[in-house]
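Input: a single structure, listed below in structure tokens.
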């Protein structure tokens, strides 16, 4: 919301901004070094720590960063300002600092130039054609190469920290910029950016490394870099899966003695009614499966198709065996986010609910988007090989699962849906990503054998699959 310059708006203190949590009402104003800073709209909020928004100061449009963390505001403000100074001293594109100082009472402010009609590299990846985003990615890696050549690093070089404006990319997070401590740190920094790119970019890594600094890409360096990328990717995955189960900017988590729930924060309001009474939502939806162990229904919410899966307790003995373990909904929730992280198609998981009695778990619910695809048992004909698009999707999916050591656990053909030219996996509650190669190969043999058993052994389709799916070594 943007107010006119004559509208009365509240003047807030740093303490009031800390207490406002995730959604301080804008517009508002603060006073920095005795002058008014009028914040028109907020762009990002780290609750109780930092707010970033479009503002007016001395009649000028600026980007305002307000540091309000109790006890740590000054440290983060100094790091942000020092990082931007280091970037500009090295001749690297970064926003010009317009003003900086103390907020009246407590906290600090930093004001930089405001870039109209700008988007982060992360936003560009979603909105722009591939050719355009690849050009911007090449620019980003060239900038990172220049950063490292200046013996600096950006501790968190993700696509959201590169801002595109008028055809140029800028570094925008000064807080993470510091002096590098050797070549290995620069290599790991490069690996961190590579690890955060979408899986579709993996085939373009050589192109991006050429943009970064071709003279540094010796074979030995390349092997060490590949290992560093894998380490960075695994760490990111662990961090992300942890976030799906705790309160953060992406997920809203609520815990009581009777219930645990996690919902994608962007879906919190839309799913509130469904999550308040999931049994009622299932009864009002279209039943897809009603078994002893689980019930599945399609539910339409504001014209949007969702799937709700309830994991039932068959009897008291079953309830007792399940009460101490993470529910199957919990496992499927993590598995769905893991697949999405690796770029493997699956209906996006939106919410998880577990009924509890203190530490004991009871029934559980999983809410995902509904995939209208046709399962492979219906889609493929046993007497012929799969069409080219389906053949490529099947081989790519199984090859990626094999490389990642992921076993599905129930490879019935009905758990593979063909939709919009993609092959999506569903029913993920038995999925396991194995650390032990021996354990994975045993599970893979079972998955592979079960998948082939969907069609008669002598059929052309079964024989084609047997020849093209990875074998357990």
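The values are calculated or read from the model by the stated rules, or taken from the named source; none is laboratory data. A quick note: this is a predicted structure, and the numbers were derived from the prediction, not measured. Heads up, the Cβs are rebuilt from the backbone with ideal geometry, glycines too, and the neighbour counts pull from every protein chain shown.
Values computed for the structure shown
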| quantity | calculated |
| --- | --- |
| Positions within region 355-383 being at pLDDT below 95, in contact with a strand residue (DSSP E or B) (Cβ under 8 Å, 6 or more places away or on another chain) and closer than 16 Å to residue 260 by Cα, in sequence order | 355, 356, 361, 362, 363, 364 |
| Selected residue (only one of 90, 131 is at pLDDT 95 or above and surrounded by fewer than 19 Cβ atoms within 10 Å (Cβ to Cβ)) | 90 |
| Meets criteria (out of contact with any helix residue (DSSP H, G or I) (no Cβ under 7 Å at 6 or more places or on another chain), within 21 Å of residue 160 (Cβ to Cβ), surrounded by 13 or more Cβ atoms within 10 Å (Cβ to Cβ) and not assigned by TED's automatic domain parsing to the domain that holds residue 156) for residue 57 | no |
| Qualifying residue in region 268-280 (condition: outside any loop (DSSP other than H, G, I, E, B), touching a strand residue (DSSP E or B) at 6+ places or on another chain (Cβ under 8 Å) and within 19 Å of residue 313 (Cβ to Cβ)) | yes |
| Matching residues in region 441-450 - criterion: being within 30 Å of the chain's Cα centre (by Cα) and either at pLDDT below 95 or over 17 Å from residue 331 (Cβ atoms) (or both) | 441, 444, 448 |
| Candidates 207, 247 - the one that is surrounded by fewer than 17 Cβ atoms within 10 Å (Cβ to Cβ) and within 23 Å of the chain's Cα centre (by Cα) | 247 |
| Residue within region 105-115 that is more than 27 Å from the chain's Cα centre (by Cα), assigned to a strand (DSSP E or B) and modelled with pLDDT under 95 present | yes |
| Flag if residue 140 is more than 29 Å from residue 33 (Cα to Cα) and either buried (at least 21 other Cβ atoms within 10 Å of the Cβ) or in the same structural domain as residue 88 (by TED's automatic domain parsing) (or both) | yes |
| Filter result (touching a strand residue (DSSP E or B) at 6+ places or on another chain (Cβ under 7 Å) and over 13 Å from residue 278 (Cα atoms)) within region 294-305 | 294, 305 |
| Those residues of region 408-442 which are farther than 27 Å from residue 381 by Cα and part of a helix (DSSP H, G or I), in sequence order | 437, 438, 439, 440, 441, 442 |
